[in-house]
Amino acid sequence: MKQLYAATLFNLIACTILIGSFAGCSVLDPAEDIPSYIHIDKITLNALANQGTSRATITEAWIFMDGKLLGGFELPCTVPILADGTHSFTIRGGVRMNGLSSTRAIYPSWKAWESSVTLMRGQKTIVAPVVTYFPDWDFSNTTWLLDFDGSGTSFISDPTSQAIIIRDSIPWAYEGPYSAKIHLNNTDTTVFIGVSASQYYMPTTKDTWLEFDYKSDCEFTVGIEDPATPPNNRYRVPWLLVQPNGNWKKIYVRLTDALAEASQLNANPSFTPYKIYFAMVNPSTQAESTLYIDNIKLLK
């Protein structure tokens with residue numbers, strides 16, 4: 001009986017020591033459970049003079065710390081981090097690909113913001129990242145850039161289009177004195193097709209995006225076309241059906257997969273130039289419809 005009592009007492013003391021040891025770790029190092037916080041209200045785009053507007057819709061921050069991805073966070077965001085001290089941060093701007101909240105992606109055309117940030121446990125550190133287009137991008141010479149404010153235009157009506165493109169001034173213009181306006185009705189101008197005046201080589205080995213601002217009370221299509229095909233039987237890849245929006249909205253359209261689809265019909269897809277096209281049909285349920293477009297940028 002004494003031996004049983006002694007054994008039981010020994011086990012109880014041993015368990016108490018073990019429990020005390022684990023509890024002691026928690027008491028001695030409480031800071032390990034207290035996170036630091038990094039807060040980002042918004043990410044700003046700073047475009048150079050030859051890169052068009054700096055207005056952007058950056059919806060997510062993709063945060064890397066010391067080269068490791070912490071995740072993509074919807075802006076504004078406050079992110080808890082179990083670390084302190086000075087660390088290297090890389091923050092990239094994210095967009096809703098093709099205007100869909102379900103397809104969020106890092107925008108590959110923007111150079112990331114990079115800086116050292118000092119974290120303190122239990123405290124919030126505020127950063128204000130600024131991203132830029134990659135400096136070697138020259139929109140005026142190598143790609144399509146159009147804000148409709150100059151006297152000429154590189155966005156023209158297709159010969160088969162019933163409607164024309166009008167440079168409309170304020171109060172409807174989005175930025176600057178002019179934006180493009182397309183007006184349809186259900187009698188004599190029911191169809192609109194507009195194309196880039198120039199054709200562009202867009203190899204499938206590179207990621208290609210089209211960004212623009214729009215305002216519309218009717219859905220419209222964005223895609224690519226092969227200008228070498230007959231005008232009345234033009235080969236087109238209708239890629240995205242853009243939904244109406246009563247307020248000006250920026251959209252980022254990824255054309256890479258559309259180009260991959262088109263390349264299946266070409267022997268040398270990297271050497272096949274394409275044009276960008278917009279198409280709209282006035283709905284039978286509407287007497288008229290209007291589309292405004294501004295700040296077109298093709299990034300490839």
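Take the residues of the stretch 139-183 that are under 19 Å from K250 (Cβ atoms) and among the polar types (S, T, N, Q): which is modelled with the highest pLDDT? Filtering first and then ranking leaves S179.
Against the condition part of a strand (DSSP E or B) and touching a residue at least 40 places away in the same chain (Cβ under 8 Å), how does A56 come out, does it pass?
Numbers: part of a strand (DSSP E or B): no; touching a residue at least 40 places away in the same chain (Cβ under 8 Å): yes.
Considered against the rule, which asks whether it is part of a strand (DSSP E or B) and touching a residue at least 40 places away in the same chain (Cβ under 8 Å), A56 comes out as no.
Residues checked against (1) more than 18 Å from the chain's Cα centre (by Cα); (2) at pLDDT 90 or above; (3) open to solvent by 50 Å² or more (accessible area, probe 1.4 Å); (4) within 15 Å of L298 (Cβ to Cβ):
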{"site": "V222", "(1), (2), (3), (4)": "no, yes, no, yes"}
{"site": "N232", "(1), (2), (3), (4)": "yes, no, yes, no"}
{"site": "L241", "(1), (2), (3), (4)": "no, yes, yes, no"}
{"site": "N245", "(1), (2), (3), (4)": "no, yes, no, no"}
{"site": "V253", "(1), (2), (3), (4)": "no, yes, no, yes"}
{"site": "D257", "(1), (2), (3), (4)": "no, yes, yes, no"}
{"site": "A262", "(1), (2), (3), (4)": "yes, no, no, no"}
{"site": "N266", "(1), (2), (3), (4)": "yes, no, no, no"}
{"site": "F271", "(1), (2), (3), (4)": "yes, no, yes, no"}
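Taking the criterion of being in contact with a Leu (Cβ under 8 Å, 6 or more places away or on another chain) and part of a strand (DSSP E or B), would at least one residue in the stretch 94-104 satisfy it? Among the residues of the stretch 94-104, not one is in contact with a Leu (Cβ under 8 Å, 6 or more places away or on another chain) and part of a strand (DSSP E or B), which makes the answer no.
Here is a yes/no grid of residues against (1) surrounded by fewer than 16 Cβ atoms within 10 Å (Cβ to Cβ); (2) modelled with pLDDT of 95 or more; (3) within 22 Å of L100 (Cβ to Cβ):
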| site | (1), (2), (3) |
| --- | --- |
| H39 | yes, yes, no |
| K42 | yes, yes, yes |
| A49 | yes, no, no |
| G52 | no, no, no |
| T59 | no, yes, yes |
| D66 | yes, yes, no |
| P76 | yes, yes, yes |
| P80 | yes, yes, no |
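Scan T118, T90 and give me the residue that is open to solvent by 70 Å² or more (accessible area, probe 1.4 Å), in contact (Cβ under 8 Å) with a residue 24 or more places away in the chain, outside any loop (DSSP other than H, G, I, E, B) and over 30 Å from Y178 (Cβ atoms).
On the way: T90 fails: open to solvent by 70 Å² or more (accessible area, probe 1.4 Å).
T118 is the lone residue from the list that is open to solvent by 70 Å² or more (accessible area, probe 1.4 Å), in contact (Cβ under 8 Å) with a residue 24 or more places away in the chain, outside any loop (DSSP other than H, G, I, E, B) and over 30 Å from Y178 (Cβ atoms).
When S102, S109 are screened for being open to solvent by 40 Å² or more (accessible area, probe 1.4 Å), at pLDDT below 95 and not aromatic (F, W, Y), only S102 passes.
Considering (1) touching a residue at least 60 places away in the same chain (Cβ under 8 Å); (2) closer than 28 Å to N232 by Cα; (3) among the small types (G, A, S), the lone condition that S179 does not fulfil carries the number (2). One residue stands out in the stretch 128-177 among those that are assigned to a strand (DSSP E or B) and among the small types (G, A, S): the one that is nearest to I63 (Cα to Cα), namely S169. The residues of the stretch 167-204 that are buried (at least 16 other Cβ atoms within 10 Å of the Cβ) and among the acidic types (D, E), listed by number, are D168, E175.
Taken over the stretch 205-220, the criterion of being buried (at least 20 other Cβ atoms within 10 Å of the Cβ) and of a type in the set (D, E) is satisfied by E211, D213.
Residues in the stretch 273-300 that are surrounded by 23 or more Cβ atoms within 10 Å (Cβ to Cβ), at pLDDT 95 or above and of a type in the set (A, V, I, L, M, F, W, C): I276, F278, M280, L291.
Could you list, in sequence order, the residues of the stretch 86-113 that are more than 19 Å from the chain's Cα centre (by Cα) and not small (G, A, S)? Steps first, please.
We begin by selecting, within the stretch 86-113, every residue more than 19 Å from the chain's Cα centre (by Cα); these are 86-89.
Residues satisfying the conditions are T86, H87, F89.
Going by the structure shown, is V95 buried (at least 17 other Cβ atoms within 10 Å of the Cβ), among the β-branched types (V, I, T) and within 24 Å of K215 (Cα to Cα)?
On the way: buried (at least 17 other Cβ atoms within 10 Å of the Cβ): yes; among the β-branched types (V, I, T): yes; within 24 Å of K215 (Cα to Cα): yes.
In short, yes.
The values are calculated or read from the model by the stated rules, or taken from the named source; none is laboratory data. Everything numeric here is computed off the predicted structure, so don't read it as measured data. All Cβ positions, glycine included, derive from the backbone under ideal geometry; neighbour counts span all protein chains shown. With ligands, DNA and RNA removed, areas are computed over all heavy atoms of the protein, side chains included. Shrake-Rupley method; radii C 1.70, N 1.55, O 1.52, S 1.80 Å.
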